[in-house]
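The values are calculated or read from the model by the stated rules, or taken from the named source; none is laboratory data. Only a predicted model underlies this, so the values are computations on that prediction, with no experimental measurement involved. Note that each Cβ is placed from the backbone with ideal geometry, even for glycine, and that neighbours are counted across all protein chains shown. In case anyone asks, the SASA skips ligands and DNA or RNA and just uses the protein heavy atoms, side chains included. Shrake-Rupley method; radii C 1.70, N 1.55, O 1.52, S 1.80 Å.
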Amino acid sequence: SEFVARKGYRVSIGIETRARCYQIPTLREAGALIESLKGSPVGLWYDIGHAMMMDRMGLYDNLRDLREVNPHIVGVHIHETIGLSDHWCPYVHSGDDVYFDHFLEVIKRAPIKVYELKSQCLPEEIEQSHNRITQKTALLEG
């Protein structure tokens, strides 16, 4: 991060949300790490699907922990999980039109947004998912 600052680059280094029980850091650990580096260009790359998987394994309270780390988010991977399989189109493959709404505010305010989808996702499914996310985030205040 000192090199980045010396060069004047406008970049952030994102610690990504992990997807496996043996990987570190957890969301809370990432938050503590980022806090300890306050003032540096280090933030959280929030991978929605990974966090959903960790929550389903009982390793995160994803929605609670998300509130704590939300101010540190520098980017987001947008995808949903079915069970413990990730990289599916939000709303479309799960058939759940409500749960993914918890992540719309994060998507809206994240400076960098990246869809991270499986090759099995068809172009029309991706478009349907994107349209749903776009319509729903447009309805958010702010």
For the chain, the dipole about the Cα centre with charges only on Cβ (Lys and Arg +1, Asp and Glu -1), to the nearest 20 debye, works out at 580 debye
Ordered by number, the trypsin sites (Lys or Arg not before Pro) in the stretch 1-68 that occupy a DSSP loop and have at most 14 other Cβ atoms within 10 Å are Arg10, Arg20, Lys38
Contact order relative to length for the stretch 11-93, counting C-alpha pairs under 8 Å separated by 6 or more residues, stands in percent at 32 percent
With 0.36 nm assigned to each residue of separation and the Cα-Cα distance removed, Val98 to Leu122 gains 6.5 nm
Of the accessible area of the stretch 56-127, computed with a 1.4 Å probe and all protein chains kept, carbon and sulfur make up a percent value of 55 percent
Convex hull around the C-alpha positions of the chain: the volume in Å³ per residue is 129 Å³
In order over the stretch 120-132: 3J(HN,Hα) from phi, Karplus 6.51/-1.76/1.60, θ = phi - 60°, whole Hz, x for each Gly or Pro, gives 6, 6, 7, x, 5, 5, 5, 4, 4, 4, 4, 4, 4
Here, Tyr9 and Leu84, labelled 7 Å along Cα→Cβ, have an inter-label distance in nm of 3.6 nm
With +1 at each Lys and Arg Cβ and -1 at each Asp and Glu Cβ, the charge dipole magnitude of the stretch 89-142 around its Cα centre, to the nearest 20 debye, comes out at 200 debye
Taking the dipole of the stretch 1-131 about the Cα centre (Lys, Arg +1; Asp, Glu -1; charges at Cβ), the one of His87, Ala32, Cys121 that reaches farthest to the positive side is Ala32
The stretch 29-112 accessible area per residue, 1.4 Å probe, protein heavy atoms, integer Å², reads 42 Å²
